[in-house]
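Student: If you scroll down you'll find the structure; I have some questions about it.
The values are calculated or read from the model by the stated rules, or taken from the named source; none is laboratory data. Note that this is a predicted model, so its numbers are computed, not measured. Cβ atoms come from the backbone with ideal geometry, glycine included; neighbour counts cover every protein chain shown.
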Amino acid sequence: MVERVCIFPCGGIKKPEATVARIAAYIVNEDLLPRQTMILCVPAFLRGVEEDLVMAEDYPVVVIDCHAENCGTKMLYLAGITPAARLFIPDIAAREGLAYGEQRRELEPQAKALAEIVARETARVATFMLENPAYKFAKQQIKTETYLAQSELPPDPFDYVQLAPGLYRPRKMPDFFPEGSEN
């Protein structure tokens, strides 16, 4: 049984959508699933801080990518970690008819609403992983040699399967929705 879920929001600081991703992660971690989730810190992960490396190895990671660069997905791929799930904010924004806004420091109302929707979707996925005894997550190991040696990435390194608009699962990872549930 999964004890905790690791949330890996895009760490970009130049775009408002990255702020949406980080705020969504905080909403999940502090309000929706406290003590059941952890937020992976991009700078600490890159620096090799043991706590963040262990998080990514020992628990399923839900990556929140917020733009076409797919920073979170790429960083995990380079480290040899396969995310359990991926939320892609542009798809969710399009589905909901919401915008990111222009501000990064203080989100505008539409962007706040988008962060809340992304947070609820992230919490829904994490809850299935936490509460479904049939969900089996195998611990992973970071591959520093892969991380350091890669220069080019395949366009879809995890062969994502779309489960709903904005929600994806790598083909080789276990499904996180119980049999017969609605996505």
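Student: Any chance you could count how many residues in region 49-85 are closer than 11 Å to Cys10 by Cβ, at pLDDT 85 or above and either touching a Phe, Trp or Tyr at 6+ places or on another chain (Cβ under 6 Å) or of a type in the set (A, V, I, L, M, F, W, C) (or both)?
Tutor: Within region 49-85, residues that are closer than 11 Å to Cys10 by Cβ, at pLDDT 85 or above and either touching a Phe, Trp or Tyr at 6+ places or on another chain (Cβ under 6 Å) or of a type in the set (A, V, I, L, M, F, W, C) (or both) number 6.
Student: Right, something else. Mind listing whichever residues of region 1-48 are modelled with pLDDT of 95 or more and assigned to a helix (DSSP H, G or I)?
Tutor: Across region 1-48, the qualifying residues are Ala24, Ala25, Tyr26, Ile27, Val28, Asn29, Glu30, Asp31, Leu32.
Student: Ala119 passes all but one of (1) farther than 21 Å from Arg4 by Cα; (2) touching a Leu at 6+ places or on another chain (Cβ under 9 Å); (3) of a type in the set (Gly, Ala, Ser); which number fails?
Tutor: Ala119 satisfies every listed condition except (1).
Yes or no, residue by residue, for (1) out of contact with any helix residue (DSSP H, G or I) (no Cβ under 7 Å at 6 or more places or on another chain); (2) more than 17 Å from Tyr160 (Cβ to Cβ); (3) surrounded by fewer than 20 Cβ atoms within 10 Å (Cβ to Cβ):
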| residue | (1), (2), (3) |
| --- | --- |
| Gly11 | no, yes, yes |
| Ala18 | yes, yes, no |
| Gly48 | yes, yes, yes |
| Met55 | yes, yes, no |
| Asp58 | yes, yes, yes |
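Student: Quick check on region 91-101. Is at least one of its residues of a type outside the set (Gly, Ala, Ser) and closer than 16 Å to Arg169 by Cβ?
Tutor: The answer is yes; a qualifying residue exists.
Student: While we're looking at this one, here's another question. Could we say that Lys139 is surrounded by fewer than 19 Cβ atoms within 10 Å (Cβ to Cβ), of a type in the set (D, E, K, R) and within 20 Å of Met38 (Cα to Cα) here?
Tutor: Yes.
Student: Then there is this: Scan region 79-88 and tell me whether some residue there is among the aromatic types (Phe, Trp, Tyr), within 19 Å of Arg169 (Cβ to Cβ) and buried (at least 16 other Cβ atoms within 10 Å of the Cβ).
Tutor: Within region 79-88 (the criterion being among the aromatic types (Phe, Trp, Tyr), within 19 Å of Arg169 (Cβ to Cβ) and buried (at least 16 other Cβ atoms within 10 Å of the Cβ)), the answer is yes, since at least one residue qualifies.
Student: Okay, moving on. Looking only at region 110-151, filter to residues that are β-branched (Val, Ile, Thr) and more than 20 Å from Tyr168 (Cβ to Cβ); which one of those is modelled with the highest pLDDT?
Tutor: My answer is Ile142.
Student: Which members of region 95-114 meet the condition of being more than 20 Å from Leu163 (Cα to Cα), of a type in the set (D, E, K, R) and not in a loop (DSSP other than H, G, I, E, B)?
Tutor: Matches in region 95-114: Lys112 only.
Student: Then there's this: Tell me yes or no: at least one residue of region 115-131 is under 23 Å from Pro43 (Cβ atoms), touching a residue at least 60 places away in the same chain (Cβ under 8 Å) and outside any helix (DSSP H, G or I).
Tutor: No; the residues of region 115-131 include none that is under 23 Å from Pro43 (Cβ atoms), touching a residue at least 60 places away in the same chain (Cβ under 8 Å) and outside any helix (DSSP H, G or I).
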